[in-house]
Amino acid sequence: QLQLQESGPGLVKPSETLSLTCNVSGDYIRSSSYFWGWIRQPPGKEMEWIASIYYSGNPYYNPSLRSRVTISEDTSKKHFSLKLSSVTAADTAVYYCARGVVGTFIHWFDPWGHGTLVTVSS
Amino acid sequence: DIQMTQSPSSLSASVGDRVTITCRASQSISSYLNWYQHRPGKPPRLLIYAASTLQSGVPSRFSGSGSGTDFTLTINNLQPEDFAIYFCQQSYSTLQYTFGQGTKLEI
């Protein structure tokens, strides 16, 4: 069974870069049927997709965050990462990593990590 | 962006009840709709994908229906472990997934 666990600082100062890692354990399979993703949920708001990285290595970003986001994968270390630059209080959220599944015609996220709260504050 | 709107925002029910949660898309998304359950202290869990396909291991009391813009998640015979937040997600726009705001199901 695949398990994902987010790690990184819980507090980031405004204008700095938020860096998170998702460690993957269990049934780790690299396949074109899967991709990795980051999703966040600001307090009191809905989930927001941030970025995905596919088997090909191609990254895709939420247009609203594209200029500040980088997603990467280290296959040898079985983890993938998120960097979000120039953070503001609006980036305060619970950040989740998840595996994306490429179905016959639809994508979904399964499983997810527990999430990690990142607060942006001086 | 495709906006996803869930109703109700919160719902009170009792063990053994049947409840229905609705998710509406701002444009047609065919059947590109997934449902998740989020219990406190647990990771979000996929329940249903492609609007009506039950994920492996999910109890059959959960069901989904709909296509186009209107979708429903139905839970029959509510169990204590079902009290959680439920949210929908569209993947019609694969480069801009969006989520509903969630429905909190309370006892």
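The Rg/Rh ratio for chain B, using Cα coordinates for both the radius of gyration and the Kirkwood hydrodynamic radius, is 0.95.
The aspartates and glutamates within cross-link reach of residue A:83, meaning a Cα-to-Cα straight distance under 17 Å and a gap of 8 or more places when in the same chain, are A:6, A:16, A:48, A:73, A:74, A:91. Remark on segment A:1-66: Rg and Dmax equal 13.8, 38 Å (Cα only). One equal scatterer on each Cα of segment A:28-75, no solvent, Debye formula: the resulting log10 I(q)/I(0) at q = 0.27, 0.33 Å⁻¹ is -1.02, -1.24. Projecting the Cα positions of A:32, A:65, A:7 onto the charge dipole of segment A:1-67 (unit charges on Cβ atoms of Lys, Arg, Asp and Glu, taken about the Cα centre) puts A:65 furthest along the positive direction. Using the Stokes-Einstein relation with a Kirkwood hydrodynamic radius computed over Cα pairs, the translational diffusion coefficient of the protein assembly as shown at 37 °C and a viscosity of 0.692 mPa s comes to 183 µm²/s.
Here the dipole of chain B is about 140 debye; that uses its Cα centre as origin and unit charges on the Cβ of Lys and Arg (positive) and Asp and Glu (negative).
Evaluate the Debye formula for chain A with equal point scatterers sitting on the alpha carbons, no solvent, and hand back log10 of I(q)/I(0) at q = 0.10, 0.20, 0.23 Å⁻¹, in q order, two decimals. One equal scatterer on each Cα of chain A leads to -0.28, -1.11, -1.43. Residues within the reach of a label modelled at residue A:85 (point 7 angstrom out along Cα to beta-carbon, backbone nitrogen below 17 Å), restricted to segment A:1-45, are A:13-20. Among B:47, B:78, B:95, the largest mean-square fluctuation in a Gaussian network model of chain B (Cα springs under 10 Å) belongs to B:95.
The distance linking segment A:50-122 with segment B:42-107 is 21 Å (Cα centroid to Cα centroid, whole angstrom). Note on the protein assembly as shown: antiparallel DSSP beta bridges, both residues inside, total approximately 95 percent of the bridges counted.
Every number in this text was worked out from the coordinates using simple rules, so none of it is lab data. Because the structure is predicted, anything quoted here is derived from the model rather than measured. So basically every Cβ, Gly included, is an ideal-geometry build from the backbone, and we count neighbours across all protein chains shown.
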